[in-house]
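**Q** Would you mind keeping the following structure in view while I ask a few things?
We did not get these values from a lab; they are worked out from the coordinates using the rules stated. Since this is a predicted model, take the numbers as computed values, not measurements. Glycine also receives a Cβ, built like all others from the backbone with ideal geometry; neighbour counts cover every protein chain displayed.
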Amino acid sequence: MKSDLQRLFVEEILDKFGFLKPKFEGPFLRFDVNTDILCVYFMGTNLAIEFLLDERDEDIACKISRVINGKLSPYYAVDPQGKLVRAELWELLRARGIREKMLTSVEGLSLEEQIPITLNDYARMLQKYGQMVLEDKPEFLDVNTGALE
């Protein structure tokens, strides 16, 4: 692994997301050398849960994406037909009517301090509101894209 932050990120995911098994396989790691973004993901039959660490922009994200023919969707957000294939977990929950504050403010904290806090928030979101994701239902991504922030 490239950095201590990436190691911490993977360790925290292993610690906090064991509940995804056995429905989801993984975790799998992918590093994009063009963007320096580490993606740790779990694959279901229909959905994947992707955790992204962007050290350059100091950002941590959780995206839900469609699995197409056993692979992550090759499209970033929508496919050529305009169908949503990937979006942020919290945005999808908002589009589904959840109005509770979902992410803890991490302003002023180092990325090292942010990682466990933000990943804990994502674990809570999945367990509290993500039943469709945990059941690997692709309909979770069938939301009005205008409702995404």
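**Q** What's the angle, to the nearest 10 degrees (0 to 90), between helix 4-16's Cα axis and the longest principal axis of the chain?
**A** 50 degrees
**Q** Then there's this: If I build a Gaussian network model for the chain, linking alpha-carbon pairs within less than 10 angstrom, which residue out of E135, E107, E25 has the largest mean-square fluctuation?
**A** The residue that fluctuates most here is E107.
**Q** Can you check what the net charge comes to around E25, using other residues whose Cβ is under 15 Å from the Cβ of E25 (Lys, Arg +1; Asp, Glu -1)?
**A** Residues near E25 contribute +2 overall.
**Q** Out of E100, E55, E91, any idea which swings most in a Gaussian network model of the chain, alpha carbons joined below 10 Å?
**A** Taking springs between Cα atoms under 10 Å, the residue moving most is E100.
**Q** Dipole size in debye (nearest 20) for the stretch 4-141 around its Cα centre, Lys and Arg Cβ +1, Asp and Glu Cβ -1?
**A** 840 debye
**Q** From the helices alone, meaning DSSP H stretches of at least four residues, give me the mean residue ellipticity at 222 nm for the chain, per-run term -39500 (n - 2.57), in deg cm²/dmol to the nearest 500.
**A** Theoretical 222 nm ellipticity from helices: -8500 deg cm²/dmol.
**Q** All other residues with a Cβ under 12 Å from the Cβ of E107 taken together, and with Lys, Arg as +1 and Asp, Glu as -1, what is their net charge?
**A** With Lys, Arg at +1 and Asp, Glu at -1, the neighbours total -2.
**Q** Calculate, in nm to one decimal, what N34 and A61 gain on full extension: separation in residues at 0.36 nm each, minus their alpha carbon distance.
**A** 7.9 nm
**Q** For a quick protection proxy, order the peptides 121-128, 56-63, 44-51 by their average other-Cβ count within 10 Å, most packed first.
**A** 44-51, 121-128, 56-63
**Q** Where nothing but the Cβ of Lys and Arg (+1) and of Asp and Glu (-1) is charged, how large is the charge dipole of the stretch 51-117 around its Cα centre, in debye to the nearest 20? Walk me through the intermediate numbers first.
**A** Numbers: 10 positive and 12 negative charges, 140 e Å.
So the magnitude is around 680 debye.
**Q** If you line up the long axis of helix 111-129 against the longest principal axis of the chain, both from Cα atoms, how many degrees apart are they, to the nearest 10?
**A** With both axes taken from Cα atoms, the answer is about 30 degrees.
**Q** Based on the Cβ-Cβ distance of E112 and E25, what FRET efficiency does E = 1/(1 + (r/R0)^6) give at R0 = 30 Å, to the nearest 0.05?
**A** Approximately 0.60, to the nearest 0.05.
**Q** Right, something else. If you take the charge dipole of the stretch 4-141 about its Cα centre, with +1 on Lys and Arg Cβ and -1 on Asp and Glu Cβ, which of V78, T35, L8 is farthest toward its positive end?
**A** Farthest towards the positive end: V78.
**Q** Moving on. Which shape class applies to the stretch 9-124: rounded if a/c is under 1.5, otherwise prolate when a/b exceeds b/c and oblate if not, where a ≥ b ≥ c are the square roots of the Cα gyration tensor eigenvalues? Could the numbers behind the result be given before it?
**A** Working: a/c = 1.40, a/b = 1.28, b/c = 1.09.
Judged from the Cα gyration tensor, the stretch 9-124 comes out rounded (a/c under 1.5).
**Q** Related question: Count the lysine pairs in the stretch 4-141 that are 8 or more places apart or on different chains: how many have C-alpha atoms under 23 angstrom apart?
**A** Lysine pairs satisfying the spacing and distance rule in the stretch 4-141 number 22.
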